[in-house]
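The values are calculated or read from the model by the stated rules, or taken from the named source; none is laboratory data. Quantities reported herein were computed from a predicted structural model and do not represent experimental measurements. Here the Cβ is made from the backbone with ideal geometry for all residues, glycine too, and neighbour counts use every protein chain on show.
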């Protein structure tokens, strides 16, 4: 008998092929128009897009967002190719939920990626709700150790769990358990949504728990609600479709984080699809930008295919910096003067 948690990982991947509308393509970033400079007073070759994360230098502020993991050849191939590309391009990478390695020990191999990415930033991943279903700091540390991670994502996915046929929906009292975890883990904890956005109240709870890194993961890109709709057991169940666009759009979520910029570092993900979206995210207050869906199918092919997408994103990001007259990322960060108008 196969493990249902492991099977679910493959079902999630296959759902993208069955239903292209899982990629919502809301293009919320298109409502922001930037101030073009015809005389940027820069040499394109001198533009510096590098940033620091967890004491390591990234070539530009890209994080390969969490996708998958498990005991399956395709999953192992995807994660290996993503890790090889992350190392080659010197960008960060987060893995999918590592819960599966605790129910199928052979799934651990899909997360043993430090061999492919010896120097760049790697981020482990466990569902925060699992702290109410038996997980402790011990399991979280095991997840970190398997990856050789620089940090741990605690992902928050109440909508996905509510729609999922076998979802874990007891989110009560998690803030206190997150506080305990932060005090007992060897690496920083990052709080992450999976596509519906973090609110100011969520960030306040996270800050009180000791968290200083937040991935807002707003709406506008991949809809996990619609993915779970594909897995419904009752054909008449439309809950996943009804909530497929639920949440806070990523640019709006970034603006809501403005009061907390002095206390935390923010990752923008959710509908970030090109280098211009990344530049807009940094202007709105993101230090790092997460991208997942555009890298999934290339990762099924090869590391080189992933590298091609990353290099396209880098070129777009640097070109936008050049056209704004910004020589480095610090000159982009929270620079509202670069916004011409918002519709």
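The set of residues in the stretch 226-253 that are buried (at least 16 other Cβ atoms within 10 Å of the Cβ) and over 20 Å from residue 157 (Cβ atoms) contains only 251. Entry remark, the stretch 124-161: residues being in contact with a strand residue (DSSP E or B) (Cβ under 6 Å, 6 or more places away or on another chain) and closer than 22 Å to residue 248 by Cβ number 7 in total. Quick one: count up the residues across the stretch 20-53 that are over 17 Å from residue 328 (Cα atoms) and surrounded by 17 or more Cβ atoms within 10 Å (Cβ to Cβ). Of the residues in the stretch 20-53, 7 are over 17 Å from residue 328 (Cα atoms) and surrounded by 17 or more Cβ atoms within 10 Å (Cβ to Cβ). Among all residues of the stretch 29-50, there is none that is free of Cβ contacts under 8 Å to residues at least 40 places away in the same chain and closer than 27 Å to residue 95 by Cα. Restricting the stretch 180-192 to residues that are closer than 17 Å to residue 96 by Cα and touching a residue at least 60 places away in the same chain (Cβ under 8 Å) leaves a set whose member that is surrounded by the fewest Cβ atoms within 10 Å (Cβ to Cβ) is 190. Within the stretch 1-14, residues that are at negative phi and loosely packed, with under 14 Cβ neighbours inside 10 Å reach partners that are modelled with pLDDT of 80 or more and not in a helix (DSSP H, G or I) with beta carbons closer than 8 Å, at six or more positions or on different chains, in the pairs 4/166.
In this structure, residue 165 does satisfy being more than 20 Å from residue 260 (Cα to Cα), surrounded by fewer than 16 Cβ atoms within 10 Å (Cβ to Cβ) and in contact (Cβ under 8 Å) with a residue 60 or more places away in the chain. Restricting the search to helices (runs of 4 or more DSSP H) fully inside the stretch 126-189 and requiring at least 1 residues that are under 20 Å from residue 202 (Cβ atoms) and over 21 Å from the mean Cα position of the chain (by Cα) gives 174-184. Of the set (1) outside any helix (DSSP H, G or I); (2) surrounded by fewer than 17 Cβ atoms within 10 Å (Cβ to Cβ), all apply to residue 286 but (2).
Among residues of the stretch 199-217 being assigned to a helix (DSSP H, G or I) and in contact (Cβ under 8 Å) with a residue 60 or more places away in the chain, the one that is surrounded by the fewest Cβ atoms within 10 Å (Cβ to Cβ) is 200. It is to be established whether one or more residues within the stretch 60-72 are modelled with pLDDT under 95, under 15 Å from residue 149 (Cβ atoms) and either buried (at least 21 other Cβ atoms within 10 Å of the Cβ) or out of contact with any helix residue (DSSP H, G or I) (no Cβ under 8 Å at 6 or more places or on another chain) (or both). Yes, the stretch 60-72 contains at least one residue that is modelled with pLDDT under 95, under 15 Å from residue 149 (Cβ atoms) and either buried (at least 21 other Cβ atoms within 10 Å of the Cβ) or out of contact with any helix residue (DSSP H, G or I) (no Cβ under 8 Å at 6 or more places or on another chain) (or both).
Selection of the stretch 80-98 for residues being assigned to a helix (DSSP H, G or I) and crowded, with 24+ Cβ neighbours inside 10 Å yields 82, 83, 85, 86, 98.
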